[in-house]
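Below is one structure, written out as C-alpha cells; the observations come after it.
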Amino acid sequence: MAAALSRTPRRLFLPSRLHSFPHSTTPSLQPNSDSPFPSFRAAKSAILSQSDPEKLAQSFIQASNLPAFRRYRPIYHHSIRKLARAQRFDLIDGIIQSHHKSPSAISEGFWIRLIMLYSSAGMVDQALRTLDQVILHKPCDLSEKSLSAVLSVYLDNSMPEKVHEMFRSIPDRIGVTPTVVSHNLVLKAFVQQNDLQSARNWIDELYKDDAKVVPNIDSYNILLGAYWNNEDPVGFDGIVKEISKRGLEFNLATYNYRILRLCKNKECARAKKMLDEMVSKGVKPNSRSYDAIIHGYCNVGDIESAMKVLKSMLEDGYVSPTSRSYYSLLRSMVKEGEFDLALETCREIIKRRWVPPFEAMEVLVRGLVDMSRVEEAKEVVEKMKKRLKGPAVDSWGKIEAALSL
C-alpha cells in the first residue's frame, strides 16, 4: 500500500502563480463518523456531478470515511482539479488536512501522496509545510522517497533552481543519503533550466566521486531527451556513444529516442531494424516505438512500408495501435493521391471511434468527388458528422458547405 501511495500523480493544474495563504483561512472540514453515502458508487457519482466547489469539498470529506473511496486515486485527482480550476485553494487545503488523522497516517507513502496532491494544484508552500510537519512530529520513518517527492514538487511547478537548494538541505534534515534516483531529478532540473553543460558536468562529477553513486541508463536518457528537444544531433550522438562506452544496456526510452533520431534523419529502414533489435533483446516496444517509424515512413512518402509496420504492430501484440499512426497514414495517403487506401483507412479510423483529421478528410472527399465517386464522398461526410460533438460540428459544417455535395 505504501508503495502505491508514493507514486507521483500526473500534475493536474498549474495556476498562474503559486498559492500560499495563512493557515487560519483554511475552512473547517472534518469527516463525520458516519458517511451520508450508502456506497462508494453513490459517493463517486455525487462528487463527479457536483459543480459547486463548497458542496464538492463537503461531499468529499463525508465520503472519505469509505475505505473504497480512499483507495480510488482518480476521485482525488478529479476533485483537486475541479477545485483548482475554481481557484478554491482553501478548500483543497481543507480536504487534504482532513486526512491528517487517517489511520494510514503512519505510512511515508501516505504523506507523500498528500504532498503530491498539493503539488498538482500548484500549492508548493503547502506541500513543503506538510513535509515540515512530518519531520517535526515523526509519524513515520522517512526515506529517499520523501526527498524525491520534494524535488518533484519543484520540478512539476517549474522551479528548478529550488531543486538544487533542496538537494543540498533536505537529505541531512531527514537523514537520508541520495542515490542515483535523486541525482537524476537534479539532472532534470538542469535540463529544465536548459543548462546541459551543468548536467554533463554533474554526471562527470559522479564518476569522480569514488563511484559512490553511479549514473544509470535513466541518467543518460534524461540527457538524450534534452539534446533531442534542443535539436542537437551532435550532442545526442555523443551521449549514445558514451552509453555504449559505459557498458549500459539500452532500455525502452533509449531505443525510442534513437528511433526518433533515425526517422528524423530519414533513415526509417534503420529505425525498423532497431525496433527488431530491441525486441530480440527482450525490450518490449510501446506505441511510440511503432508510431515514430510509421510517421517517419509517411514523411518520406513510403506508404507501403508504413503499412507494413502498422501490420506488424497489429500482429506482434505488444501494444494496441494508436490514432496517431492511422492519422499519419491518412494524411500521407491523401497527399500522395492514394484515395482508395485513404478511404479504407478512414473507415477503419471511424470504426475505432476516433475522429479523423479535418484537413485530410477534406482532401479525401474532394478527391473522391473528382473521381466521380460522389456517393462514397457523401458516405464519408455523413460518418464524419456522426463522430463529432460540440464546436467541431460547426467547423465540419463549414467544410461540408464548401464541398457542395
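Points to keep in mind about this one:
- Rounded if a/c under 1.5, otherwise prolate or oblate - the range 160-305, Cα gyration tensor axes: prolate
- Simple spin-label estimate for residue 158 and residue 286 gives 2.4 nm between the two label positions (7 Å along the Cα-to-Cβ direction from each Cα).
- Calculated accessible area for the chain comes out at 50 Å² per residue, all protein chains present (probe 1.4 Å; ligands, DNA, RNA ignored).
- Centroid-to-centroid separation of the range 181-229 and the range 363-385 [C-alpha atoms, Å]: 53
- Ratio Rg/Rh [Cα only; Rh per Kirkwood] for the chain: 1.04
- Inter-label distance, residue 216 to residue 136: 3.5 nm, where each label sits 7 Å from its Cα along the C-beta direction.
- Zone of residue 355's modelled label, taken as backbone nitrogen in the range 367-397 under 18 Å from a point 7 Å along Cα→Cβ: 380-397
- Electrostatic bookkeeping for residue 351 treats Lys and Arg as +1 and Asp and Glu as -1; over the other residues with beta carbon under 11 Å from its beta carbon, the sum is +3.
- Where Rh is the Kirkwood radius over Cα pairs, Rg/Rh for the range 134-187: 0.96
- Spacing of the modelled spin labels on residue 192 and residue 241, each 7 Å from Cα toward Cβ, amounts to 3.2 nm.
- Within-15-Å neighbourhood charge of residue 342 [Cβ basis; K, R +1; D, E -1]: -4
- Among the listed pairs 272/308; 284/311; 335/385; 162/241, those beyond 20 Å (Cα-Cα): 335/385; 162/241
- Inverse mean reciprocal Cα-Cα distance (Kirkwood Rh) of the range 74-224, Å: 16.4
- For the pair residue 394 and residue 336 in one chain, pulling the backbone fully straight at 0.36 nm per residue adds 18.0 nm over the alpha carbon distance.
- Here the accessible area is traced with a 1.4 Å probe on the protein chains. For the range 23-166, carbon and sulfur cover 51 percent of it.
- With every protein chain in place, the range 239-344: carbon and sulfur % of accessible area (1.4 Å): 46
The values are calculated or read from the model by the stated rules, or taken from the named source; none is laboratory data. Remember, it's a predicted structure, so these values are computed and weren't measured experimentally. For neighbour counting, all protein chains shown are included, and Cβ atoms are generated from backbone atoms with ideal geometry for every residue, glycine included. We work out accessible area using only protein heavy atoms, side chains counted, and drop any ligands, DNA or RNA first. Shrake-Rupley method; radii C 1.70, N 1.55, O 1.52, S 1.80 Å.
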